[in-house]
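Okay, so here's the structure we're looking at.
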Amino acid sequence: MKTRIVLFVTLLLSAFTFNANAAQQIHIGLNDVIGTVEKTFKTDSRGNLPVSDFVADFFQRTIIKKGGREMRGDGVVSVRVATAGTPLMFRFQYYRPVEQEIVSDARTLWIYHPENREVIQSDVSSAFNRQGFDPDRDHAVNFLQGLGRISKDFHINFASGMYDSAGNYVLELNPRRSMLNTRRILLVVSRTSVLSNKTGDSQPNDSAAADSKSRELHSPPRSPFRTPEPFAGMPAFGGTTSDPFPLLSTTVEDQEGNSTTMEFTNIKTNTNLSEMDFSFMIPPGVQVVKPSESNQPR
């Protein structure tokens with residue numbers, strides 16, 4: 001009886017070792033990670049867009065190099081992804097450190113400060129008009145609207161360490177053309193989304209077993225990239241990223257060394273957001289400030 005048990009255990013271990021070794025043969029290269037991002041935000045040959053919109057919780061951390069000052073915030077973001085025929089639309093609703101909303105329907109940008117009873121309203125139609133689009137002037141819009149073509153707009157490599165602390169891939173994007181306020185961009189790309197794209201497995205990888213399997217496949221080393229701890233009073237985000245959404249965080253660094261990191265959690269994709277979801281209704285009694293053209297966001 002003992003001999004049979006030993007033999008059974010040996011067979012199980014052999015099968016596990018074989019499966020683990022076979023899984024480890026799945027090679028993930030730079031082009032696989034880039035391709036996962038671009039495929040998600042690019043219309044395919046049949047006219048389908050894998051992710052047409054998304055809603056997510058976000059955590060934002062801005063570090064000012066001079067003086068080492070750090071600012072943190074959190075809230076909810078809604079984005080309607082740009083296509084060949086429709087421009088990018090977005091809504092950022094900040095809960096902390098102070099309440100505010102930043103909304104754009106691609107024609108108007110509203111920045112609402114409830115505490116001050118003030119909304120800054122700017123005409124941004126030229127920035128979202130593809131005929132008048134200038135990637136040097138509209139670098140931020142260029143990046144947000146161009147997630148489906150990042151390999152054309154940026155030189156891309158794996159960042160130092162290649163992985164974040166959870167085993168997700170970290171890409172470093174350097175602009176092919178000089179950008180006034182952007183030196184480089186870092187993207188943290190979901191390892192489960194990359195693996196799903198590589199293997200053609202469209203099943204959501206949001207279970208603990210799938211997460212464990214993905215960690216096995218990549219066996220990531222330690223990395224300098226870390227998810228910052230929530231600041232005092234901020235609830236920890238739970239949940240997992242929806243497949244096929246690949247972006248877990250973005251970091252934009254400017255020419256002076258300042259950086260802004262935005263992390264996304266509890267992501268829901270293809271929620272059928274309409275244009276009305278990005279129209280800001282000015283509350284009664286709120287002062288409307290319209291900057292001059294020379295002071296409008298660029």
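The values are calculated or read from the model by the stated rules, or taken from the named source; none is laboratory data. All values derive from a computational prediction rather than experimental measurement. As a convention, Cβ positions derive from the backbone with ideal geometry for all residues, glycine included, and neighbour counts pool all protein chains shown.
Look at segment 108-126: where a residue is of a type in the set (D, E) and a partner is assigned to a strand (DSSP E or B), sitting 6+ places away or on another chain with Cβ atoms under 7 Å, you get E118/Q287; E118/V289; D123/T108. Note on segment 29-50: residues that are assigned to a loop (DSSP other than H, G, I, E, B) and modelled with pLDDT of 90 or more total 1. When Q93, Q131, Q100 are checked against the criterion of being of a type outside the set (V, I, T) and modelled with pLDDT under 90, Q131 stands alone in meeting it.
Just so you know, in segment 78-126 the residues that are part of a strand (DSSP E or B) and among the acidic types (D, E) include one that is nearest to the chain's Cα centre (by Cα), and it is E101. Exposed (fewer than 14 other Cβ atoms within 10 Å of the Cβ), free of Cβ contacts under 8 Å to residues at least 24 places away in the same chain and more than 16 Å from F41 (Cβ to Cβ): does that describe V76? When the stated conditions are applied, V76 does not pass them.
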